[in-house]
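Asker: Before I ask anything, here is the structure I am working with.
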Amino acid sequence: MNTVKKALYQDLTQTVNQAIGRKAISVQLLMKTVEEARMIRQMRGLFALITYLNQMADQVFTAEEMDILKAHPRRKELVNRIADHLIKEKVITFTESLMLKRMLS
């Protein structure tokens, strides 16, 4: 894993876990999720990818934790970094990243 990707995953993991007060995600979980997301996108398309990511979020976080993350001061920055990373990993296109950024910021 390259150092930029590792730094992003570590930053995201630390920020999320610190915000919600428990170890909900790990670097390994993020790596696995991105890899699965890429395969789902290639095999079943964008709507299947969205469904998968929503299900993952529901499995990992409670509704209260999602509210905490939605109100986090670094949310916009992290959403932008993640969306850019997903383009590099060929999970989403540039246009889809713009939609994702608008939806989540």
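The values are calculated or read from the model by the stated rules, or taken from the named source; none is laboratory data. All values derive from a computational prediction rather than experimental measurement. Every residue, glycine among them, receives a Cβ derived from its backbone with ideal geometry; neighbour counts consider all protein chains shown.
Asker: Surrounded by 13 or more Cβ atoms within 10 Å (Cβ to Cβ), at pLDDT below 95 and among the hydrophobic types (A, V, I, L, M, F, W, C): does that describe I50?
Answerer: Taking the combined requirement at face value, the residue satisfies it.
Yes/no per residue for (1) touching a Lys or Arg at 6+ places or on another chain (Cβ under 9 Å); (2) surrounded by fewer than 16 Cβ atoms within 10 Å (Cβ to Cβ); (3) part of a helix (DSSP H, G or I); (4) of a type in the set (D, E, K, R):
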| position | (1), (2), (3), (4) |
| --- | --- |
| K5 | yes, no, yes, yes |
| L8 | yes, no, yes, no |
| A24 | no, no, no, no |
| M31 | yes, yes, yes, no |
| E36 | no, yes, yes, yes |
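Asker: For T62, all conditions in the list (1) exposed (fewer than 14 other Cβ atoms within 10 Å of the Cβ); (2) of a type in the set (S, T, Y); (3) within 14 Å of the chain's Cα centre (by Cα); (4) more than 19 Å from S97 (Cβ to Cβ) hold save one; what is the number of the exception?
Answerer: (3)
Asker: Additional query: Go through (1) within 14 Å of L8 (Cβ to Cβ); (2) assigned to a helix (DSSP H, G or I) and name the single condition Q42 misses.
Answerer: Condition (1) is where Q42 drops out.
Asker: Can you list residue pairs whose Cβ atoms sit under 7 Å apart, with the first residue in the stretch 84-105 being touching a residue at least 40 places away in the same chain (Cβ under 8 Å) and assigned to a loop (DSSP other than H, G, I, E, B) and the second being surrounded by 14 or more Cβ atoms within 10 Å (Cβ to Cβ) and β-branched (V, I, T)? Count only pairs 6 or more apart in sequence or on different chains.
Answerer: E89/V34; V91/V34
Asker: I'd like to verify a number: residues in the stretch 88-102 that are among the charged types (D, E, K, R) and under 17 Å from K32 (Cβ atoms), how many?
Answerer: Just the residues of the stretch 88-102 that are among the charged types (D, E, K, R), to begin with: 88-90, 96, 101-102.
If we keep only those that are under 17 Å from K32 (Cβ atoms) as well, we get 89-90.
Residues meeting the conditions: 2.
Asker: Just a yes or no: is a residue in the stretch 50-73 without any contact (Cβ under 8 Å) to a residue 40 or more places away in the chain and at positive phi?
Answerer: No, that holds for no residue.
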